[in-house]
Amino acid sequence: MRIELHKNFLRAYVKQPLKIKEKFKEKRNLFIEDMFHPLLNNHPLTRKYDGYRSINITGDIRAIFYVKTDGGVVFVTIGSHSELYE
């Protein structure tokens, strides 16, 4: 599976504390093994993010992504639930 990081994701990622960055890497590796692993809580989004999906990084931190037609994945942003779904 090919994973791309959108420029908006990179901007949000650099602002995250080191602990969150490490947790993202752990969850990304789990995602690569099984994108529907129960710990990820991979689910579709609606409204503002219709067509996108979200995974849990921590209790409050989410990473939003979409699946490309070629099967690749693009992570578009990361942040707290309240930051992303205002």
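Scanning region 27-48 for residues being among the aromatic types (F, W, Y) and buried (at least 17 other Cβ atoms within 10 Å of the Cβ) gives a total of 1. Among the β-branched types (V, I, T) and touching a Gly at 6+ places or on another chain (Cβ under 8 Å): does that describe I32? It is false that I32 is among the β-branched types (V, I, T) and touching a Gly at 6+ places or on another chain (Cβ under 8 Å).
Name the single residue, out of those in region 61-86 being surrounded by 12 or more Cβ atoms within 10 Å (Cβ to Cβ), farther than 16 Å from L5 by Cα and not polar (S, T, N, Q), that is nearest to the chain's Cα centre (by Cα). Among them, the one singled out is I61. Of all residues in region 29-67, those satisfying the criterion of being in contact (Cβ under 8 Å) with a residue 24 or more places away in the chain and assigned to a loop (DSSP other than H, G, I, E, B) are M35, Y52, I57, T58.
Residues that are in contact (Cβ under 8 Å) with a residue 40 or more places away in the chain and of a type in the set (S, T, Y) within region 68-86 comprise just one, T77. Look at region 1-16: where a residue is touching a residue at least 60 places away in the same chain (Cβ under 8 Å) and a partner is among the small types (G, A, S), sitting 6+ places away or on another chain with Cβ atoms under 6 Å, you get R2/G72; A12/G79.
FYI, it's all coordinate maths here, none of it is from the lab. Model, not experiment: these values are computed from the prediction. Glycine gets a Cβ as well: all are built from the backbone with ideal geometry, and neighbour counts include every protein chain shown.
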